[in-house]
Structures are given as C-alpha cells and as structure tokens.
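Below: one structure, written as structure tokens.
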Amino acid sequence: DNSVAATATREIRRIWAESPVPGAEEALIAALLQANGGDPRGALEAYGRVIASAPNFAEAYAQRAAVYYGAGMLLEAIADCEKALALEGRHFDVFAGLGQIYLALGDLAGAERAFEQALQMNPHLSDVKQGLVDIKQLRGRREL
C-alpha cells in the first residue's frame, strides 16, 4: 500500500533526524536551511559543526553528502555517504544518493548496486526504480 509506505518512510526519516546529542537537531535544520537557501559553503561549514559535536549522527553526514554532490564535490560526497552507512547501514536515502553520485561519475555498475540496495531497504522509492530503468537504457546504448 503506497499510503502506508509513504507514512512509514516519513517516520523513518523523522527518526533518522533525531540527534543523539542535544542541540544537534536544531543545528542540522539550520544547515539544511542554508543549503536550501543557496549557501553551500555556509551549509558545509554548518554540517561540519554538527558533525564535530555529534560524530555518530548519520543524518548529518547524509545531508552534508547531498551538499557536496550539489557542489560537484563527488569524492567528498562518497566519503560522507560511506560514513553515514557505517553508522546507519539501512539508510535507503544514502544508498539512493550514492547511486546518483556513481551515475555522475559514469560508474553504472556502482550506481546499479547502490540503487538495488536502496530498494532492498525501501521498495517504494519510485525515483530509484526509474534510476535502474535509466541504467539499463544507458547500457543498451553503449552496446550499440
């Protein structure tokens, strides 16, 4: 049921955003606002402060990885994804993001693996399903 899946996904994301350190959640929100406000440098600095105060907060690494990706800093994004997954190995959004990074690097096999892992955790991610379709299409074009 898509409605139940959407509710469960929102709840999981809410839980991921709960910090183990008092005050880190508010700092995470402030960093997200900077990122959404078009200030990637400020957001990266803010995420760095969150991570310094809460080094085991997987969501801070996950969100900083997204900013790195948007800034074209793909190796840094991968490193943060790996750190987030070391802390929360079921983070389907990180696997999905990692797939996008691998696509940007032209690593179709890596992207496919990451997307498949995301779908193992949450089979209702339509963007990730589409990513797998896109990979198959890209592979088909490369074989021509």
Item checked: Per residue, in Å², the accessible surface of the stretch 1-53 once ligands and nucleic acids are set aside, probe 1.4 Å -> 64
Check: For the chain, taking Cα atoms only, what is the radius of gyration to one decimal and the Dmax to the nearest whole Å?
Finding: 15.7, 56
Margin query: Quick query: amide H of Ser19 versus all other amide H atoms, modeled in the peptide plane; which residues come in under 5 Å with a sequence gap of 5 or more or a different chain?
Written below: Glu25
Note to self: Looking at the calculated P(r) for the stretch 57-128, what percent of the C-alpha pair distances fall above 21 Å?
What the structure shows: 14
Item checked: Per-peptide average of other Cβ atoms within 10 Å, ordering 129-139, 47-57, 90-100, 5-15 highest first -> 90-100, 47-57, 129-139, 5-15
Next item on the list: Run the numbers on the chain and let me know its relative contact order in percent, using alpha-carbon pairs under 8 Å that are six or more apart.
Entry: 15
Next item on the list: Apply the Karplus parameterisation 6.51 cos²θ - 1.76 cosθ + 1.60, with θ equal to phi minus 60°, to every residue of the stretch 68-84 and state each ³J(HN,Hα) to the nearest whole Hz, in sequence, with x for glycine and proline.
Entry: 4, 4, x, 8, x, 9, 5, 5, 5, 5, 4, 4, 5, 4, 4, 5, 4
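Given the DSSP H assignment, sum -39500 (n - 2.57) over each helix run of at least 4 residues in the chain and divide by its residue total; what's the result at 222 nm in deg cm²/dmol, nearest 500?
-26000 deg cm²/dmol
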Check: Using the alpha-carbon centroid of each, what span in Å lies between the stretch 86-118 and the stretch 47-63?
Finding: 20
Next item on the list: Stick to the Cα atoms of the stretch 13-65, pair each with every other, and give me the Kirkwood hydrodynamic radius in Å at one decimal.
Entry: 10.6
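The values are calculated or read from the model by the stated rules, or taken from the named source; none is laboratory data. Because the structure is predicted, anything quoted here is derived from the model rather than measured. Because the Cβ atoms are built from the backbone with ideal geometry, glycine has one as well, and the counts that use them run over all protein chains shown. Accessible surface is based on the protein model in full, side chains and every heavy atom, while ligands, DNA and RNA are left aside. Shrake-Rupley method; radii C 1.70, N 1.55, O 1.52, S 1.80 Å.
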